[in-house]
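Structure first, then comments.
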Amino acid sequence: MAGRWIEHWDPENETFWREKGEPIARRNLWFSVLSEHIGFSIWTLWSVMVLFMGPEYGVDPAGKFFLISTATLVGALVRIPYTFAVARFGGRNWTVFSAFTLLVPTVAAFLVMEPGTSYPTFVAVAALTGIGGGNFASSMTNINAFFPLRKKGWALGLNAGGGNIGVPVVQLVGLLVIGTAGAMHPRIVLGVYIPLIVVAGLCAARFMDNLAPVQNDTGAAKDAARDPHTWIMAVLYIGTFGSFIGYSFAFGLVLQTQFGRTPLQAASLTFIGPLLGSLIRPVGGWLADRYGGARITLGNYAAMAAATGVVVYASGIESLTVFLIGFTALFVLTGLGNGSTFKMIPGIFHAKAIAQGLRGEEAAAQGRRLSGAAMGLIGAVGALGGLAINLAFRQSFQTSGTGTAAFWSFLVFYGVCFALTWAVYLRRTAEVPAKPQLNYAEV
């Protein structure tokens with residue numbers, strides 16, 4: 001692709017940002033959100049398709065959980081190459097390509113979504129939808145390069161939140177189809193998205209830009225992979241985004257399997273949690289900009305553990321109302337934590353650059369270099385948390401018929417994340433005074 005290239009980009013320079021940078025960055029942000037939004041909808045497509053799969057499809061609950069797990073796994077794995085594709089091909093160029101590529105799984109699902117299709121075919125098509133998960137990684141890496149550090153929490157939160165809303169939107173479309181045409185017409189959902197994919201690709205081609213300074217740097221990937229903070233943040237992101245995407249995929253099936261909801265009843269409830277979690281993600285980024293990502297993340301994990309306790313209690317007394325309250329709170333908190341954890345990433349690497357003696361644009365460039373590479377790895381591992389959640393639900397329902405055991409394991413993990421956040425980023429340590437201090441509480 002040819003594409004438009006911007007040769008000079010210095011967002012940390014306030015004059016450049018005010019006079020030229022901000023309008024360009026905002027324009028790229030809005031159309032990045034559109035493409036990522038559609039990508040999330042296609043990635044989570046099978047959380048809706050399984051609601052259409054009645055007894056005539058011959059797929060039991062465990063088989064349905066495996067379908068959504070397959071999509072989750074592929075979406076996690078493709079995030080790594082998608083991250084580095086931005087620097088290799090340009091943010092605009094890759095957004096155009098990745099948007100149009102979504103036609104492949106959508107058209108494939110349109111062709112096979114009917115009773116009588118073999119289960120391996122459903123698994124293969126569900127795997128194809130995983131490419132929609134890669135759009136998040138390339139989009140976040142691209143937008144990270146456009147904005148100055150002081151604006152990253154808001155920009156990354158808005159970019160990711162707008163993308164995350166693709167989850168409840170596709171579920172709302174599914175609800176409208178089931179409520180109007182009935183559960184026998186899944187192809188209507190797919191027919192809605194095919195033209196939207198084309199629109200997203202054309203808009204990216206017309207309105208987005210490539211940044212020439214963002215050059216492919218295999219050394220950055222190696223440096224980020226060697227840095228322990230990359231993997232610490234990956235664990236924390238498992239707890240926030242892994243929970244968000246895992247719950248988004250599984251919520252409708254849990255309502256059907258544990259509480260006996262019909263497809264229409266499940267679809268009428270499924271979208272609420274992902275919608276609230278998506279909308280609040282920019283708020284998590286904004287709070288992290290203002291108060292420090294580590295502080296917000298710590299408090300968020302405490303609240304997630306409490307909400308999980310409510311869900312466990314509701315499962316025990318078989319109260320759908322209490323269950324929905326606890327689960328909705330979990331969705332909101334995963335969204336808030338998504339924003340705060342992702343804000344921490346550029347802050348951590350910028351702080352390390354300063355501790356190494358770099359200053360000004362040199363420190364900012366080093367921070368962007370490593371944080372952009374780290375985001376792909378962190379995003380991929382975080383998405384694998386969604387796979388773990390789906391597999392935990394599958395095992396829990398197979399052995400006990402409820403999701404209670406799975407929720408207990410999630411509660412323990414949130415406790416681990418709380419302890420890790422405090423120990424690494426907030427606990428005061430007695431270091432040698434001459435040694436540069438890394439003020440991680442502010443990241």
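Data for the structure
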{"read-out": "Failed condition for His8, given (1) assigned to a helix (DSSP H, G or I); (2) open to solvent by 10 Å² or more (accessible area, probe 1.4 Å); (3) of a type outside the set (D, E, K, R)", "value": "(1)"}
{"read-out": "Filter result for Ala288 (crowded, with 24+ Cβ neighbours inside 10 Å, in a helix (DSSP H, G or I) and among the aliphatic types (A, V, I, L, M))", "value": "yes"}
{"read-out": "Ser41 vs. criteria modelled with pLDDT of 95 or more, of a type in the set (S, T, N, Q) and farther than 17 Å from Gly242 by Cα", "value": "no"}
{"read-out": "Set Ala250, Ala305, Ala329, Ala266: member being assigned to a helix (DSSP H, G or I), open to solvent by 10 Å² or more (accessible area, probe 1.4 Å) and touching a residue at least 60 places away in the same chain (Cβ under 8 Å)", "value": "Ala305"}
{"read-out": "Meets criteria (open to solvent by 10 Å² or more (accessible area, probe 1.4 Å) and part of a loop (DSSP other than H, G, I, E, B)) for Thr117", "value": "yes"}
{"read-out": "Complete set of residues in region 120-154 that are aliphatic (A, V, I, L, M), under 22 Å from Phe89 (Cα atoms) and open to solvent by less than 30 Å² (accessible area, probe 1.4 Å)", "value": "Ala137, Met140, Ile143, Ala145"}
{"read-out": "Criterion violated by Gly21 - all others in (1) open to solvent by less than 20 Å² (accessible area, probe 1.4 Å); (2) within 17 Å of Gly91 (Cα to Cα); (3) in contact with a helix residue (DSSP H, G or I) (Cβ under 7 Å, 6 or more places away or on another chain); (4) in a helix (DSSP H, G or I) satisfied", "value": "(3)"}
{"read-out": "Single residue of Leu73, Leu51, Leu67 found to be surrounded by fewer than 23 Cβ atoms within 10 Å (Cβ to Cβ), of a type outside the set (Val, Ile, Thr) and out of contact with any His (no Cβ under 6 Å at 6 or more places or on another chain)", "value": "Leu73"}
{"read-out": "Given (1) open to solvent by 10 Å² or more (accessible area, probe 1.4 Å); (2) part of a helix (DSSP H, G or I); (3) among the hydroxyl-bearing types (Ser, Thr, Tyr), number of the condition Ser32 does not satisfy", "value": "(1)"}
{"read-out": "Residues being buried (at least 18 other Cβ atoms within 10 Å of the Cβ), more than 19 Å from Gly316 (Cβ to Cβ) and not hydrophobic (A, V, I, L, M, F, W, C) - total across region 401-423", "value": "1"}
{"read-out": "Residue in region 356-373 that is touching a Ser or Thr at 6+ places or on another chain (Cβ under 7 Å), modelled with pLDDT of 85 or more and assigned to a helix (DSSP H, G or I) present", "value": "no"}
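The values are calculated or read from the model by the stated rules, or taken from the named source; none is laboratory data. All figures in this text were calculated on a predicted structure; none of them were measured in a lab. We place every Cβ from the backbone using ideal geometry, glycine too, and count neighbours over all the protein chains shown. For accessibility, only protein heavy atoms count, side chains too; no ligands or nucleic acids. Shrake-Rupley method; radii C 1.70, N 1.55, O 1.52, S 1.80 Å.
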